[in-house]
1. Looking only at the stretch B:38-85, count how many residues are free of Cβ contacts under 8 Å to residues at least 40 places away in the same chain, assigned to a strand (DSSP E or B) and surrounded by fewer than 16 Cβ atoms within 10 Å (Cβ to Cβ).
2. Among the residues of the stretch A:81-92, count how many are open to solvent by less than 60 Å² (accessible area, probe 1.4 Å) and of a type in the set (Ser, Thr, Tyr).
3. Let me spell it out: the conditions are (1) farther than 27 Å from A:Gln6 by Cα; (2) open to solvent by less than 10 Å² (accessible area, probe 1.4 Å); (3) more than 14 Å from every other protein chain (Cβ to nearest Cβ); (4) under 13 Å from the mean Cα position of the chain (by Cα), and B:Gln22 meets all of them except one. Which number is the exception?
4. Restricting to the stretch B:58-98, and then to whatever is over 12 Å from the mean Cα position of the chain (by Cα) and within 14 Å of chain A (Cβ to nearest Cβ), can you tell me which residue is nearest to A:Thr110 (Cα to Cα)?
5. Can you tell me which residues in the stretch A:23-38 are buried (at least 17 other Cβ atoms within 10 Å of the Cβ) and either of a type outside the set (A, V, I, L, M, F, W, C) or outside any loop (DSSP other than H, G, I, E, B) (or both)?
6. Residues to consider are A:Val114, A:Val57, A:Val81; find the one that is touching an Asp or Glu at 6+ places or on another chain (Cβ under 9 Å) and either within 23 Å of B:Tyr35 (Cα to Cα) or in a loop (DSSP other than H, G, I, E, B) (or both).
7. Looking at the structure I just gave you, is A:Thr55 open to solvent by less than 20 Å² (accessible area, probe 1.4 Å) and more than 10 Å from chain B (Cβ to nearest Cβ)?
8. Mind listing just one residue for me: the one in the stretch B:101-114 that is open to solvent by 20 Å² or more (accessible area, probe 1.4 Å) and either basic (Lys, Arg) or part of a loop (DSSP other than H, G, I, E, B) (or both) and, of those, farthest from the other protein chains (Cβ to nearest Cβ)?
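The values are calculated or read from the model by the stated rules, or taken from the named source; none is laboratory data. The structure presented is a predicted model; accordingly, all values stated were derived computationally and were not measured. No Cβ is skipped: glycine too gets one built from the backbone with ideal geometry, and neighbour counts run over all protein chains shown. To get the accessible areas, we keep the full protein, side chains included, count just its heavy atoms, and leave off ligands, DNA and RNA. Shrake-Rupley method; radii C 1.70, N 1.55, O 1.52, S 1.80 Å.
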Amino acid sequence: AQSVTQPDIHITVSEGASLELRCNYSYGATPYLFWYVQSPGQGLQLLLKYFSGDTLVQGIKGFEAEFKRSQSSFNLRKPSVHWSDAAEYFCAVAAPFSGGYNKLIFGAGTRLAVHP
Amino acid sequence: NAGVTQTPKFQVLKTGQSMTLQCAQDMNHNSMYWYRQDPGMGLRLIYYSASEGTTDKGEVPNGYNVSRLNKREFSLRLESAAPSQTSVYFCASSEGAGQGETQYFGPGTRLLVL
């Protein structure tokens, strides 16, 4: 069955430090992968997505993610974290559902805290 | 262009009461979704509507019903609320229901069932 694992429930980094959030997926075919961010009290906003081609994907707010098929991973990175990046981050994979349609399978999320 | 809007923002219900969560999108999207978010579990799909006039069950449909009122609006109804339905509910929409479609989310409705 398809699944997404985010091993880190909470991460704390200092402002200006680099960041890597881990995501591992289980999916038989070529995955469609997404990273969403949820700021406190807000809905989810798409940061970036990967379908095919270049395995390093650039997103909004200075984020990037690298798809590694051999490791079934799609880790999110940012070279220098800002205080406004404090939020919860969700990795998701698109998987076939009923009727030929697709659904997003989400990981449990990683909550990021940023120290000044 | 408001994107996806949801009402109400917060609601407290007693066990057995009913309510309808409203969702509307102004992006002319064909597909709409309802998710619930529980701590440590990410988001789980309750129902979806791939296109106007169709609705289908998701992963956790029990205790819920939906109506795709028109292309813009997709409502979620709890007929007899239970404490297990305490959650944050998100509506989302996408242009289509294909594998690569980006889903756009509303701000959520926080529901407490006592």
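1. Residues in the stretch B:38-85 being free of Cβ contacts under 8 Å to residues at least 40 places away in the same chain, assigned to a strand (DSSP E or B) and surrounded by fewer than 16 Cβ atoms within 10 Å (Cβ to Cβ): 3 in total.
2. 1
3. So B:Gln22 meets the others, but not (2).
4. Checked the stretch B:58-98; the qualifying residue nearest to A:Thr110 (Cα to Cα) is B:Glu59.
5. A:Asn24, A:Tyr25, A:Tyr27, A:Pro31, A:Tyr32, A:Leu33, A:Phe34, A:Trp35, A:Tyr36, A:Val37, A:Gln38 - these are the residues of the stretch A:23-38 that are buried (at least 17 other Cβ atoms within 10 Å of the Cβ) and either of a type outside the set (A, V, I, L, M, F, W, C) or outside any loop (DSSP other than H, G, I, E, B) (or both).
6. So the residue among A:Val114, A:Val57, A:Val81 that is touching an Asp or Glu at 6+ places or on another chain (Cβ under 9 Å) and either within 23 Å of B:Tyr35 (Cα to Cα) or in a loop (DSSP other than H, G, I, E, B) (or both) is A:Val81.
7. Spelling it out, it is not the case that A:Thr55 is open to solvent by less than 20 Å² (accessible area, probe 1.4 Å) and more than 10 Å from chain B (Cβ to nearest Cβ).
8. Among residues in the stretch B:101-114 that are open to solvent by 20 Å² or more (accessible area, probe 1.4 Å) and either basic (Lys, Arg) or part of a loop (DSSP other than H, G, I, E, B) (or both), the one farthest from the other protein chains (Cβ to nearest Cβ) is B:Leu114.
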